[in-house]
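Participant: This is the structure I want to talk about, given as structure tokens.
The values are calculated or read from the model by the stated rules, or taken from the named source; none is laboratory data. Only a predicted model underlies this, so the values are computations on that prediction, with no experimental measurement involved. Here the Cβ positions follow ideal geometry from the backbone for every residue, glycine too, while neighbour counts run over all protein chains shown.
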Amino acid sequence: MGAPAPDFFIQDATAGIYVEGSASPKYPHVLGQFVEVEGVTGPGKFAPVIREAELRILGKGKLPEAQLSSFSQLANGQRDSQWARVRGIVRSVTVDRSSWRETTLAIHVASEGGEFNVRVPISHEQDFSSLVDSEVLIEGVCGSLYNADRQLTGILFYVPQLSFIKIEAPAAEVPVSALLRFSPGIGRRHRVKVRGVVTYQQLGNALFLQVEGKGLRVLTQQPTPLAIGDLVDVLGFPAMGESAPILEDAVFHRLGHQNTPDPITLDLDLPWEQFDSAVARTDAKLLSREVRPDGLRLLLQEDNVLFEASLPQGISADGLLSVPLNSQVRVTGICSVRSGGLWRVPQSFRMLLRSPQDVFVLATPSWWNLRHTLWVLAITVGVLLVVMAWVVVLGRRLREQMSVIRQKLKHGAVLEERNRIARELHDTLEQELAGITMQLDLATDCFRHAPSVAQEALEAARNMSRRSMVEARRSVWDLRCQLLENGDLVSAISQIVEPLVSCENAKVDVKIQGVPRRLPGPIEMNLLRIAQEAVANAVKHGQAQTVHIELEYASKFVRLAVVDDGRGFTASHDSPIGHFGLLDMRERAQSMGSQLKLESELGLGTRIMVKVPMERTAADHADLKTNTYSGG
């Protein structure tokens, strides 16, 4: 019995079995021979098999009597490799040139309860389309289709010759009205003939028709191209689709061309299944779109119903990609309704677009939507941030410029003060010195003849000299010395106190804590003058032999301390000597936002300390005292 060479089937009085034949040509396998096979049994890929080792032909035999079986009896796998008969209706016929070594006729048959495939070896090719939709009685070997897990997936009948297929009844034509009133019963598996107008074609896959005002989906592999509006006759097998009847394994014939049918208005209040496979039209809002490998998908909303519209791959979608979201559009396409549940209630539908022109824009959304509002808000916030940053930068630059202007004004004020002092020296000090000279000349002239007059002249000269000294000290004491202009505070203190202690044979020690840094000009000037005054008082009035100067630089303050080993005095009763010097140091400390601390005892020396905070602003520094005076 036939099988893909060199394999074959054998059957005795009890059952049949599949034999994996030897590739050697010395064992011919002929239908109907009575043979004896020696070999090894094996599990096979589904049912047990025999691996042929030797074959002996005993004579001519007789094929076993085939039992008529239903599809359900074949589908359980128990009839595998058995000679059997089965009835069915031919659904399709094609020539198979690749499955076996020889050319076969591939037949797809529908039987009560299911469908199966048939393979028949043929010697030459011809038109076998007349077999389609015929009721046939097939006799052959029942084979099994299976997967890698040895599970049954289908039935394949091996028929040795075409003569084992007998046609029992020709195809009957059924009018389209019968299809539209399709219901299970006698004749449901036979082909029907339908005439309709093409509304869309998926070449080699499906055809959509409009028949008597309704849509019909036809599954066909026929590669004949059609145009929308063509009139065709279709022969196909009715079957139940998701929501409405369809035709399967269909063939068609073009009769002519008609006008394109008008779309049906989609009314969601009516049963959706009546729009299945029909050209429908509806107005909806475009919510989103997505480009997928199989084409463009649009998500739309009509009232409270969401549905998809798809444009197949290969059709340019540039026009649809430019449609703004939330636009009101009119969509025309093939409506496909999906049903579910026990009663197959319509649950959703989608529209199959045939071209970009199937979407017509009725109205575009207002520009002021949520997305654009958020964009405008984000841009506004960004601009405000840029403006604020620019204001900060401008403020910083303005402060820098103000600092430069303040420094320039300060230098200008110093120059003006120097000019003023020069004028004052010219107007006052020079006159005082001239008066002193005159008094001294008078004293010289009257020294011998009028001693009392000379004495009065000398006393007047002494008073005038004191006043000139105080006036000069007031005029030049607070001018920024050259030492600070050419160096820092540490070097300036070291240099300015050196002449004070050298003339008295005293020693001075300068100790620095922290990292020295430049301070605002007024602060450096005041600290320098306080150190100068303290050292001068210690050497001149306290007769100190050793003076320690401590200068501490911290992140938040600068501290200056002057400690000597002089005679000291009672701090509660300020010494009359250097009274103006202590007053000047206190005023300078107060101008820097600090207080002058003085510790002294008779015979134990003196300690003067000032601690200047660094949190003050540049504007505060500009107000520091620069016109106080010191007396000695």
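Participant: Take the residues of the range 220-237 that are touching a Lys or Arg at 6+ places or on another chain (Cβ under 8 Å), without any contact (Cβ under 8 Å) to a residue 60 or more places away in the chain and of a type outside the set (S, T, N, Q): which is farthest from THR332 (Cα to Cα)?
Facilitator: Let us first name the residues in the range 220-237 that are touching a Lys or Arg at 6+ places or on another chain (Cβ under 8 Å), namely 224, 226, 228, 230-237.
Then drop every residue that is not without any contact (Cβ under 8 Å) to a residue 60 or more places away in the chain, which leaves 224, 226, 230-234, 236.
Checking which are of a type outside the set (S, T, N, Q) leaves us with 226, 230-234, 236.
Numbers: LEU226: 20, ASP230: 19, LEU231: 21, VAL232: 22, ASP233: 25, VAL234: 25, GLY236: 27 Å.
Among them, the one singled out is GLY236.
Participant: Here is a check on your reading of the model: is VAL515 in the same structural domain as GLU587 (by TED's automatic domain parsing) and crowded, with 18+ Cβ neighbours inside 10 Å?
Facilitator: Spelling it out, it is not the case that VAL515 is in the same structural domain as GLU587 (by TED's automatic domain parsing) and crowded, with 18+ Cβ neighbours inside 10 Å.
Participant: Filter the range 360-411 down to the residues that are of a type in the set (Val, Ile, Thr) and outside any helix (DSSP H, G or I), then identify the one that is nearest to GLU485 (Cα to Cα).
Facilitator: Only one residue tops the list, namely THR364.
Participant: Kindly indicate the residue of the range 258-280 that is part of a strand (DSSP E or B) and closer than 16 Å to PHE208 by Cβ and also modelled with the lowest pLDDT among those meeting that condition. Full working, then the answer.
Facilitator: Initially, the range 258-280 is screened for residues part of a strand (DSSP E or B), giving 264-265, 279-280.
Imposing the further condition that a residue be closer than 16 Å to PHE208 by Cβ reduces the set to 264, 279-280.
Working: ILE264: 91, VAL279: 94, ALA280: 94.
Filtering first and then ranking leaves ILE264.
Participant: Only one of these conditions is not met by GLY382: (1) of a type outside the set (A, V, I, L, M); (2) out of contact with any strand residue (DSSP E or B) (no Cβ under 6 Å at 6 or more places or on another chain); (3) under 30 Å from GLY215 (Cβ atoms). Which number is it?
Facilitator: With (1) of a type outside the set (A, V, I, L, M); (2) out of contact with any strand residue (DSSP E or B) (no Cβ under 6 Å at 6 or more places or on another chain); (3) under 30 Å from GLY215 (Cβ atoms) applied to GLY382, the lone miss is (3).
Participant: Only one of these is small (Gly, Ala, Ser), under 30 Å from LEU311 (Cβ atoms) and at pLDDT below 90: GLY196, GLY204. Name it.
Facilitator: GLY204
Participant: For the range 96-125, which residues satisfy the criterion of being among the acidic types (Asp, Glu) and within 55 Å of the chain's Cα centre (by Cα)?
Facilitator: Within the range 96-125, ASP96, GLU115 meet the criteria.
Participant: Can you name every residue in the range 281-318 that is within 17 Å of PHE360 (Cα to Cα), under 28 Å from the mean Cα position of the chain (by Cα) and not in a strand (DSSP E or B)?
Facilitator: Scanning the range 281-318 gives ALA317, ASP318.
Participant: Got a number for residues in the range 342-359 being in contact with a Gly (Cβ under 7 Å, 6 or more places away or on another chain), assigned to a strand (DSSP E or B) and crowded, with 17+ Cβ neighbours inside 10 Å?
Facilitator: Within the range 342-359, residues that are in contact with a Gly (Cβ under 7 Å, 6 or more places away or on another chain), assigned to a strand (DSSP E or B) and crowded, with 17+ Cβ neighbours inside 10 Å number 2.
Participant: Oh, and also: For the range 14-48, which residues satisfy the criterion of being out of contact with any Leu (no Cβ under 6 Å at 6 or more places or on another chain), under 30 Å from LYS166 (Cα atoms) and in a strand (DSSP E or B)?
Facilitator: GLY16, ILE17, TYR18, VAL19, GLU20, GLN33
Participant: From the residues in the range 49-75 that are in contact (Cβ under 8 Å) with a residue 40 or more places away in the chain and within 60 Å of the chain's Cα centre (by Cα), which one is nearest to ASP12 (Cα to Cα)?
Facilitator: This residue is LEU74.
Participant: Continuing with the same structure: Out of all the residues in the range 215-252, which are among the hydroxyl-bearing types (Ser, Thr, Tyr) and surrounded by 20 or more Cβ atoms within 10 Å (Cβ to Cβ)?
Facilitator: Answer for the range 215-252, where residues must be among the hydroxyl-bearing types (Ser, Thr, Tyr) and surrounded by 20 or more Cβ atoms within 10 Å (Cβ to Cβ): THR220, SER243.
For (1) aliphatic (A, V, I, L, M); (2) in the same structural domain as LEU137 (by TED's automatic domain parsing); (3) over 26 Å from ALA148 (Cα atoms), each residue gets a yes or a no:
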| site | (1), (2), (3) |
| --- | --- |
| GLY44 | no, yes, no |
| ALA53 | yes, yes, yes |
| ARG56 | no, yes, yes |
| LEU74 | yes, yes, no |
| ARG91 | no, yes, yes |
| ARG97 | no, yes, no |
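Participant: Among the residues of the range 139-159 satisfying the criterion of being in contact (Cβ under 8 Å) with a residue 60 or more places away in the chain and not in a strand (DSSP E or B), which is surrounded by the fewest Cβ atoms within 10 Å (Cβ to Cβ)?
Facilitator: Filtering the range 139-159 for residues that are in contact (Cβ under 8 Å) with a residue 60 or more places away in the chain and not in a strand (DSSP E or B), the one surrounded by the fewest Cβ atoms within 10 Å (Cβ to Cβ) comes out as ARG150.
Participant: Among the residues of the range 570-583, is any assigned by TED's automatic domain parsing to the domain that holds PRO522, modelled with pLDDT of 85 or more and not in a loop (DSSP other than H, G, I, E, B)?
Facilitator: Checked the range 570-583: no residue is assigned by TED's automatic domain parsing to the domain that holds PRO522, modelled with pLDDT of 85 or more and not in a loop (DSSP other than H, G, I, E, B).
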